[in-house]
Amino acid sequence: MANTDQAFWDMVEGRASGPPATTLLGWKCLHLDLDGGAIVVEFHPREEFLNPVGNIQGGFIAAMLDDTMGPLVYATLHAGEFNTSLEFKVSFVQPARLGKLVAKARILHRGRSVAFAESELRDSDGKLLATATGTMKIVRAKAGFTTP
């Protein structure tokens, strides 16, 4: 079942900007396959993301990977549910530079209360920059809770 959060789908389909973090990262959904449990997201990192040696700081790389897996799992949830990270592991393969970056994620398993996903980030030449795995808890929102 697909999530019914219209603001989320407006972000995915490019009709509206998403939360501040996705805007900061330059998040753009290129492809979402709910049946296959996969997503492709493009990121446009900014100069402010660079560390002193000119590479994108690892925390921003981690945020890109997280902001690929999280929305994928969220897209599968029922009305009134949201996902939150229980565990998140990143492996940095090689330095990332400014320019278009593309992340892919897939759901490895989704149960009623926990989902497992993995993601990878590549540069515009297709070089692998980082990978991540995540475990997300699926939470039922309390009565009266609305998503921003």
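The values are calculated or read from the model by the stated rules, or taken from the named source; none is laboratory data. Computed from a predicted structure; not experimentally measured. FYI the Cβ positions are ideal-geometry reconstructions off the backbone, even for glycines, and counts take in every protein chain you see. With ligands, DNA and RNA removed, areas are computed over all heavy atoms of the protein, side chains included. Shrake-Rupley method; radii C 1.70, N 1.55, O 1.52, S 1.80 Å.
So here's what we get for this one:
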item: Residue list for the range 15-29, restricted to those being open to solvent by 60 Å² or more (accessible area, probe 1.4 Å) and touching a strand residue (DSSP E or B) at 6+ places or on another chain (Cβ under 7 Å); result: Lys28
item: Residues that are within 24 Å of Gly26 (Cβ to Cβ) and modelled with pLDDT under 95, drawn from the range 93-148; result: Thr147, Pro148
item: Close pairs (8 angstrom Cβ cut-off, 6 or more residues apart or separate chains): closer than 14 Å to Leu24 by Cβ and at pLDDT 95 or above in the range 50-63, loosely packed, with under 14 Cβ neighbours inside 10 Å and among the polar types (S, T, N, Q) anywhere; result: Gln57/Asn51
item: First in the range 10-21 and without any contact (Cβ under 8 Å) to a residue 24 or more places away in the chain and polar (S, T, N, Q), second anywhere and in a helix (DSSP H, G or I) and open to solvent by less than 90 Å² (accessible area, probe 1.4 Å), Cβ under 6 Å, 6 or more apart; result: Ser17/Thr23
item: Answer from Asp66, Asp35 - the residue that is free of Cβ contacts under 8 Å to residues at least 40 places away in the same chain and open to solvent by 50 Å² or more (accessible area, probe 1.4 Å); result: Asp35
item: Answer residue from the range 110-128, given it is assigned to a loop (DSSP other than H, G, I, E, B) and closer than 30 Å to Leu77 by Cα and is most open to solvent (accessible area, probe 1.4 Å) among those; result: Arg112
item: Some residue of the range 132-146 being loosely packed, with under 12 Cβ neighbours inside 10 Å, under 15 Å from the mean Cα position of the chain (by Cα) and part of a strand (DSSP E or B); result: no
item: Residue that is farthest from Glu120 (Cα to Cα) [pool: residues in the range 1-51 that are assigned to a helix (DSSP H, G or I) and in contact with a Phe, Trp or Tyr (Cβ under 6 Å, 6 or more places away or on another chain)]; result: Phe49
item: Positions within the range 88-109 being small (Gly, Ala, Ser) and part of a strand (DSSP E or B), in sequence order; result: Ser91, Ala103, Ala105
item: Pick from the range 39-58, criterion in contact with a helix residue (DSSP H, G or I) (Cβ under 7 Å, 6 or more places away or on another chain) and either hydroxyl-bearing (Ser, Thr, Tyr) or open to solvent by less than 30 Å² (accessible area, probe 1.4 Å) (or both), ranking: nearest to Ala130 (Cα to Cα); result: Ile56
